[in-house]
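Reading through the structure tokens given below for one structure.
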Amino acid sequence: MGAITCAPERDYAYIGYIRMHRMDALDPKAPEYVLLRARDDGIAPALLEIRDELKGYIEDVLATPFKEGRMLKRFHFNQYCELRAVEILDDEYNVVKTVRQGEDWRPFIGEEKEAET
């Protein structure tokens with residue numbers, strides 16, 4: 001018998017905003033999801049599962065009063081619709097920050113300017 005090889009994980013991207021964050025308050029181990037919406041109504045929404053440190057980032061970015069919470073984002077996910085990374089985009093669609101599993105996401109964009117004043 002030959003060795004079994006796994007197919008490489010695919011990377012898909014969706015540009016948009018978080019419309020809804022779903023979590024089960026009664027079961028903290030239950031999967032959490034985000035529903036994304038694009039800037040264009042002609043693009044279907046996407047439902048992605050969030051895990052590990054990205055759960056904390058999603059909760060924090062939805063609650064932050066800083067600019068990053070309102071900025072356009074590119075969500076990277078695999079073929080199983082599991083969120084892998086988030087890129088925060090400026091007005092020209094350039095990546096200004098990337099959040100990945102196991103990395104710190106603080107300070108938020110706009111947080112430093114607030115602290116200085």
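We did not get these values from a lab; they are worked out from the coordinates using the rules stated. Bear in mind that the values here come from a model prediction, so they are computed numbers and not experimental data. Cβ placement follows ideal geometry from the backbone for every residue including glycine, while neighbour counts extend to all protein chains displayed.
Of all residues in segment 1-23, which are aliphatic (A, V, I, L, M) and closer than 19 Å to Y33 by Cβ? Before the answer, list the steps.
Of the residues in segment 1-23, the ones aliphatic (A, V, I, L, M) are 1, 3-4, 7, 13, 15, 18, 20, 23.
Listed by number, the residues that qualify are A13, I15, I18, M20, M23.
Name the strands (runs of 3 or more DSSP E) wholly within segment 36-92 that hold at least 3 residues that are over 15 Å from I18 (Cβ atoms)? Can you show your working first?
Numbers: elements: 46-50, 73-77, 83-89.
Strands (runs of 3 or more DSSP E) meeting the threshold: none at all.
Could you count how many residues in segment 1-33 are in contact with a helix residue (DSSP H, G or I) (Cβ under 6 Å, 6 or more places away or on another chain) and either exposed (fewer than 10 other Cβ atoms within 10 Å of the Cβ) or more than 17 Å from D60 (Cβ to Cβ) (or both)?
Residues meeting the conditions: 0.
For segment 49-70, give me each residue that is without any contact (Cβ under 8 Å) to a residue 12 or more places away in the chain and among the hydrophobic types (A, V, I, L, M, F, W, C).
Within segment 49-70, just A63 meets the criteria.
What is the number of the single condition among (1) without any contact (Cβ under 8 Å) to a residue 60 or more places away in the chain; (2) surrounded by 11 or more Cβ atoms within 10 Å (Cβ to Cβ); (3) under 14 Å from the mean Cα position of the chain (by Cα) that G102 does not meet?
With respect to (1) without any contact (Cβ under 8 Å) to a residue 60 or more places away in the chain; (2) surrounded by 11 or more Cβ atoms within 10 Å (Cβ to Cβ); (3) under 14 Å from the mean Cα position of the chain (by Cα), G102 is out only on (2).
If we scan segment 34-45, do we find a residue that is surrounded by fewer than 16 Cβ atoms within 10 Å (Cβ to Cβ), without any contact (Cβ under 8 Å) to a residue 40 or more places away in the chain, of a type in the set (D, E) and under 19 Å from E103 (Cα atoms)? Lay out the reasoning, then the answer.
First, the residues of segment 34-45 that are surrounded by fewer than 16 Cβ atoms within 10 Å (Cβ to Cβ): 35, 39-45.
Among the residues that remain, those that are also without any contact (Cβ under 8 Å) to a residue 40 or more places away in the chain are: 35, 39-45.
Checking the rest, the ones that are also of a type in the set (D, E) come to 40-41.
Remaining after also requiring under 19 Å from E103 (Cα atoms): none.
No, segment 34-45 has no match at all.
If I filter segment 1-16 down to residues being in a strand (DSSP E or B) and small (G, A, S), which single residue comes out as nearest to I88 (Cα to Cα)?
If we take residues in segment 1-16 being in a strand (DSSP E or B) and small (G, A, S), then G16 is nearest to I88 (Cα to Cα).
Just the residues that are acidic (D, E) and in a strand (DSSP E or B), please, taken from segment 17-35. Full working, then the answer.
First pass over segment 17-35, keeping only residues acidic (D, E): 24, 27, 32.
Across segment 17-35, the qualifying residue is only E32.
Could you tell me which residue of segment 93-105 is nearest to R51 (Cα to Cα), considering only residues that are in contact with an Asp or Glu (Cβ under 8 Å, 6 or more places away or on another chain) and assigned to a loop (DSSP other than H, G, I, E, B)?
Of everything passing the filter in segment 93-105, Q101 is nearest to R51 (Cα to Cα).
Considering every residue within segment 85-94, establish whether at least one is touching a Phe, Trp or Tyr at 6+ places or on another chain (Cβ under 8 Å), in contact (Cβ under 8 Å) with a residue 40 or more places away in the chain and β-branched (V, I, T).
No, that holds for no residue.
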